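Below is one structure, written out as structure tokens; the observations come after it.
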Amino acid sequence: MGRKKRFEFLEHTADAYVAAYGKDLAEAFESAAVAMFDVMTNVAKVNPAVEDRVEVAAEDEYALLYSWLEALLVKSEVNRMLFSKFKILGLDKTSEGFRLQARIWGEKFDPSKHLQKVGVKAVTYHRMEIVKDPDRVTLKFILDI
């Protein structure tokens, strides 16, 4: 997306309300992932040194967004990793719904390097939106912090 804004935090009383942007759905999903990790730490300080892969499937695009973010959150927690770079390799409609395949990059959490902002407990469906305009896709979602 170049220098365009990838995401912003919207006003919410208790949780993190995010609007993530992309030129298409795949790029918006990448921006959503960056936003989620930026809730936790300054992603600019997370070195994309270690590569991993993520694959999720779901019945619709909303469930796919939820599953994508949840898979990243679980992978982060289980492996004590922070991620800063995301590349959707495929986001396809299938006979069962949708499938997403991605490469992700990050590094082990280091408390001396990675400022802890707030922990993300869960992804929610509450107020989730997917808005597709001709030149931009906007994803809105709430993270339980």
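We did not get these values from a lab; they are worked out from the coordinates using the rules stated. For clarity, every value in this text was computed on a predicted model and none was experimentally measured. All Cβ positions, glycine included, derive from the backbone under ideal geometry; neighbour counts span all protein chains shown.
State, as an integer percentage, the relative contact order of the stretch 7-144 based on alpha-carbon contacts under 8 Å between residues 6 or more apart.
Over the stretch 7-144, the number comes to 32 percent.
Find which of L69, A19, S112 sits farthest along the positive direction of the dipole of the chain, computed with +1 on the beta-carbon of Lys and Arg, -1 on that of Asp and Glu, about the Cα centre.
S112
If each DSSP helix of 4+ residues adds -39,500 (n - 2.57) and the sum is divided by the residues in the chain, what number results at 222 nm, nearest 500 deg cm²/dmol?
The helix contribution divided over the chain gives -8000 deg cm²/dmol.
When ranked by the protection proxy of mean other Cβ atoms within 10 Å per residue, highest first, what sequence do the peptides 14-22, 108-116 form?
So the peptides 14-22, 108-116, ranked by packing, come out 14-22, 108-116.
May I ask you to list the trypsin sites (Lys or Arg not before Pro) in the stretch 9-80 that are in a DSSP loop and have at most 10 other Cβ atoms within 10 Å of their Cβ?
Of the trypsin sites (Lys or Arg not before Pro), the ones in loops of the stretch 9-80 whose Cβ has at most 10 other Cβ atoms within 10 Å are R80.
Between D144 and V78, what is the spin-label point distance in nm, taking each point 7 Å from the Cα along the Cα→C-beta axis?
Here the modelled spin labels are 2.0 nm apart.
Count neighbours as other Cβ atoms within 10 Å of each site's Cβ, and list the GluC sites (Glu not before Pro) in the stretch 87-145 that are DSSP loop with at most 13 such neighbours.
On the way: sites: E96, E107, E129; in loops: E96.
Those satisfying the criteria are E96.
Could you give the angle, 0 to 90 degrees to the nearest 10, between helix 61-79's Cα long axis and the longest principal axis of the Cα atoms of the chain?
20
Viscosity 0.890 mPa s, temperature 25 °C: what is the translational diffusion coefficient of the stretch 7-144 from Stokes-Einstein with a Kirkwood Rh over Cα pairs, rounded to a whole number of µm²/s?
Estimated diffusion coefficient is 164 µm²/s.
What lysines could a cross-link reach from K23, if we take a straight Cα to Cα line under 19 Å and drop same-chain neighbours fewer than 8 places away?
List returned: K4, K5, K85, K87, K93, K132, K140.
In the stretch 1-72, which GluC sites (Glu not before Pro) are in a loop and have at most 15 other Cβ atoms within 10 Å, using DSSP for the loop call?
Here the sparse-neighbourhood loop sites are E11, E59.
By how many degrees, between 0 and 90 and to the nearest 10, does the Cα long axis of helix 25-40 differ from the longest principal axis of the chain?
The angle comes out near 30 degrees.
Roughly what would the spin-label model give for A49 and D110, points 7 Å off Cα along C-beta, in nm?
0.5
With +1 on the Cβ of every Lys and Arg and -1 on the Cβ of every Asp and Glu, and nothing else charged, how large is the dipole of the stretch 7-144 about its Cα centre, in debye rounded to the nearest 20?
So the dipole magnitude of the stretch 7-144 works out to roughly 480 debye.
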